[in-house]
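*Asks:* Could you have a look at this structure, given as structure tokens, before my questions?
The values are calculated or read from the model by the stated rules, or taken from the named source; none is laboratory data. Just so it is clear, the structure is predicted and the values come from calculations on it, not from any experiment. Quick reminder, even Gly has a Cβ in these numbers, built from the backbone with ideal geometry, and neighbours come from all protein chains shown.
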Amino acid sequence: MTTHNQTLIFVVSFMMGIVCGDSLVYASEIAVMFFALGVVQVILYFFGKRGEWYSIQRGGAVSAASLYRIPLITILISFGIFLGILRTQFIAEKNVFVCHDVCEYNATIISSIEAKNQYQIFKVRNISSDEYFYDVEITTTLYPAYRVGDTLTLYGKVLPVQNIYPHLDTKYNGKHFEYVSYMHTKHVGSKMLYPKIEVTDQVPHTVTHMLMRWKDDLVRRVTMYVDSPASLLASGMLFGSSSFPKEMSDTFRVAGLSHIVVLSGFNIVIIISFIMTLLSFFPRGIRIFVSGFSIFIFVCMVGASPSVMRATLMAFISLLAMISNRVYVAKQALIISLFLSVIHNPEILLHDVSLHLSFLATAGIVYMSDPLMHFLQRTRFNSMPKFFQELFIISFSAYSSTLPYVMYTFGSVSVYALIANILVVPLVPLGMLFSLLVVLFSYLSSTLTFLFGFLDTVLLSGIVYIAEVIERLPYSNVHVHISFFGVSLMYLCMVLSVKYISVSCKDETSVTKELPMSQGVISY
């Protein structure tokens, strides 16, 4: 059994333990049972190994002890489930702050401001209570403007978050999308709508708040030189800004392009590539260290959402492989990054839709790309340009790996998403590069900034236009609901198909190369 398969079995067992610990009443008893079973298995395993060694010393005679040898897979499963259940026992108990009457609430803004058409949204954290409460999401008028790190006194009602369905009718997604649980993974438990607000302090008191204010300043620089709505798209792709009008968000969602308007692995790739190129005359160790430090600063600046952390961890693993002269294995990095993310916050395993989609898309690329490339090499597909082959394979892998989950969770299908991604994805790195150059040259040269701002406006406006055209096509968004059994069956068929293609092509000479890091490591 390969190291990757051992890691995969252990991590899957660990996640099964998380599910058991979260949902079963007798989870503690089950954990004790699996721990005891694991200890017995370890003893028998080494007893069997010792018996095999003695049998070899005696010329190959079969030892009775070797008959009790336990497969390593059963040990990994037992301890994986035990550790998963054990981790759920250490989840901090959180309270939801609720005040049905008008009350005073002292808090600090801890998130970037999301400016919508007529209002703004931000997240605040209580500064006067010793208990561990979820954060509160504030919705207020567009003006006056607030900043990260401001200390506020708010007057109003604090109500718990309730299940709402922002995209589709509850007929399609009400059963499988728990908005409350999703908001809890973002540490939000209650909301205040248009409270009276008094600013008591405008000085940021943490390094994170200062970095987030710097990010907001960079977003304003993009807005100055790039016309709307291209500026909204540029800010979203580069810094994760969420100030999109609902109409624009719906357009990209229906077109199947929502992943390009949020932070993704492309951000990490651009940082690494930029640093490596800029410091090309320095030793590799220095370039890797500076790249890792820059990624850390970037994550602190934009916020460590689970999907961003998944991409960041994979990037750190790739840098670690480079500095230690080891081969980077994208499959192993993906599983390890998911494992570390779930250890940090077990709730995201069950309720964070963005992490699920990010992981499924990346898993599709990592596991399906090579087998599909081998399979299609037998067809006329092989005569197409190499760039188009890789683009199609990556887009198809990501789309097909997320499709069952999207149908199960949201009850809808973006029919033209594959076409949209083939048209748009090649433009995304260039758009992000132009946006980055706008930010950099805004400190150096207004002439060059206006030039790159114009190019960025033209390019990103083209992406918006493509999304709008696809949204207007007939049947662009179809309601398709499947059950848990249906989604399980679809993924089972997908795994078996990929396995069959891999086995059938294993004796052939490989005609594909390792995907570049920007694709194989952190594409989505």
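*Asks:* Could you please let me know if Leu451 is over 25 Å from the mean Cα position of the chain (by Cα), more than 30 Å from Ser13 (Cα to Cα) and free of Cβ contacts under 8 Å to residues at least 12 places away in the same chain?
*Replies:* Considered against the rule, which asks whether it is over 25 Å from the mean Cα position of the chain (by Cα), more than 30 Å from Ser13 (Cα to Cα) and free of Cβ contacts under 8 Å to residues at least 12 places away in the same chain, Leu451 comes out as yes.
*Asks:* Another question, if that's okay. May I ask you to say which residue of Phe79, Phe97 is in contact with a Phe, Trp or Tyr (Cβ under 7 Å, 6 or more places away or on another chain), surrounded by 14 or more Cβ atoms within 10 Å (Cβ to Cβ) and modelled with pLDDT of 85 or more?
*Replies:* On inspection, the qualifying residue turns out to be Phe97.
*Asks:* Which residues, taken from the range 130-157, are assigned to a loop (DSSP other than H, G, I, E, B) and touching a strand residue (DSSP E or B) at 6+ places or on another chain (Cβ under 9 Å)?
*Replies:* Glu131, Tyr132, Tyr134, Leu142, Tyr143, Pro144, Ala145, Tyr146, Arg147, Val148, Gly149, Asp150
*Asks:* Specify the residue that is nearest to the chain's Cα centre (by Cα); the eligible residues are those in the range 307-349 that are farther than 21 Å from Met368 by Cβ, crowded, with 20+ Cβ neighbours inside 10 Å and of a type in the set (Gly, Ala, Ser).
*Replies:* So the residue we want is Ser341.
*Asks:* Across the range 290-302, what is the number of residues that are of a type in the set (Gly, Ala, Ser) and surrounded by 20 or more Cβ atoms within 10 Å (Cβ to Cβ)?
*Replies:* 1
*Asks:* I would also like to ask the following. Can you work out which of the residues in the range 9-44 that are crowded, with 18+ Cβ neighbours inside 10 Å and in contact with a Lys or Arg (Cβ under 9 Å, 6 or more places away or on another chain) is modelled with the lowest pLDDT?
*Replies:* Restricting to residues being crowded, with 18+ Cβ neighbours inside 10 Å and in contact with a Lys or Arg (Cβ under 9 Å, 6 or more places away or on another chain), the top hit is Gly21.
*Asks:* If I filter the range 302-315 for residues that are farther than 28 Å from Val487 by Cβ, in a helix (DSSP H, G or I) and not hydroxyl-bearing (Ser, Thr, Tyr), do I get at least one hit?
*Replies:* Checking the range 302-315: at least one residue is farther than 28 Å from Val487 by Cβ, in a helix (DSSP H, G or I) and not hydroxyl-bearing (Ser, Thr, Tyr).
*Asks:* Could you tell me whether any residue of the range 472-480 is in contact (Cβ under 8 Å) with a residue 12 or more places away in the chain, β-branched (Val, Ile, Thr) and touching a helix residue (DSSP H, G or I) at 6+ places or on another chain (Cβ under 9 Å)?
*Replies:* yes
*Asks:* Please note which helices (runs of 4 or more DSSP H) are completely contained in the range 372-475 and include at least 2 residues that are within 19 Å of Val262 (Cβ to Cβ) and in contact with a His (Cβ under 8 Å, 6 or more places away or on another chain).
*Replies:* Helices (runs of 4 or more DSSP H) meeting the threshold: 386-410.
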